[in-house]
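The values are calculated or read from the model by the stated rules, or taken from the named source; none is laboratory data. Remember, it's a predicted structure, so these values are computed and weren't measured experimentally. Here the Cβ positions follow ideal geometry from the backbone for every residue, glycine too, while neighbour counts run over all protein chains shown. Just so you know, the surface numbers come from the protein's heavy atoms only, side chains and all, with ligands and any DNA or RNA stripped out. Shrake-Rupley method; radii C 1.70, N 1.55, O 1.52, S 1.80 Å.
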Amino acid sequence: MMASSLLSGAESKLITGFGSELHFRPLPKKGLAYYPKRWYISTLAPKCSLSSSRPVSQPRFIQHKQEAFWFYRFLSIVYDHIINPGHWTEDMRDEALEPADLFSRHLTVVDVGGGTGFTTLGIVKHVDAKNVTILDQSPHQLAKAKEKEPLKDCKIIEGDAEDIPFPTDYADRYISAGSIEYWPDPQRGIREAYRVLKIGGKACIIGPVYPTFWLSRFFADVWMLFPKEEEYIEWFQKAGFKDVKLKRIGPKWYRGVRRHGLIMGCSVTGVKPMSGDSPLQLGPKVEDVKKPVNPFVFLTRFILGALAATYYVLIPIYMWIKDKIVPKGMPI
């Protein structure tokens, strides 16, 4: 069952925009949970096949670990100064982390795909840095994190989001921002999030949302994974999480427009109800980074992916200009 059937009903409303202007779509009453000043989607139970909206044959040029490794070898140089201001601001980060419920300085937190530590800076506002671990496959991104003074007491390690080097029932909180789009098998990564959490622990995954505008959708499809909202929820539920909620985020100057597919489009949380491993059993990994790669294929994928990424660097500039030009109160 896809979005058209999920978002049906006549009485309750679901916010489908973000920013200063919001657009509404019907949703059954049981699908809403309200928190002060915030709206969340909760306990939606889509029954769609994950492969139906993500064909295996669909090209995706940087949703591979080796391409992502080299992509960030260069992007790490300008990541905090060029990428974040358009896609992942401090205000967005703090709002996206609110559902993670970082209520104690003593919580044990793992930040998976933590990169340069930008999201970790938001975590250590609430949790002692000595209780936080940053994990990423990119040593170049992690080198930037090590330079940040507030993160000097964090544990920083190289690792794979689909095979986390932590024991079962280890952490109170699992955070991952801007990483899922690079996972060849997001269901496996979310299953790992379940495994490493303690009973009652909460996972919070922050990532992009699939665009609706045709050109943005094209570049998203050839670049990497932009999941649909119901896919996030289904992945969490299949992994065994309960009380699954989704919060929409974005810069205020987008005025509620979601059609271009922001790099950070939603924050999804779920609670681990039982100790131990996830009840979901999976086969071998989709991608084995130890396998040899054809250099020509690798370079072609890398270049095409980087070109698609450039489009998403330009999108926030375009929307910022529109926000300045189009009178307030008018749609953009």
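Relative protection proxy for 268-276, 302-310, 191-199, from highest mean packing down: 191-199, 268-276, 302-310 (other beta-carbon atoms within 10 angstrom). Each residue of the range 270-283 was assigned a 3J(HN,Hα) from its phi angle through the Karplus expression (A = 6.51, B = -1.76, C = 1.60, θ = phi - 60°), giving x, 10, 7, x, 9, 6, x, 6, 5, x, 7, 9, 10, x Hz with x at Gly and Pro. With the whole protein complex present, K148 retains an accessible surface near 40 Å², based on a 1.4 Å probe. Kirkwood hydrodynamic radius of the range 182-250, from the reciprocal of the average inverse Cα-Cα distance over all distinct pairs: 13.2 Å. Averaged per residue, the range 173-293 has 34 square angstrom of accessible surface, using a 1.4 angstrom probe with ligands and nucleic acids left out.
Could you work out the relative contact order of the range 200-332, using alpha carbon pairs under 8 angstrom and six or more residues apart, expressed as a whole percent?
Details: 163 pairs, mean separation 43.9, N = 133.
33 percent.
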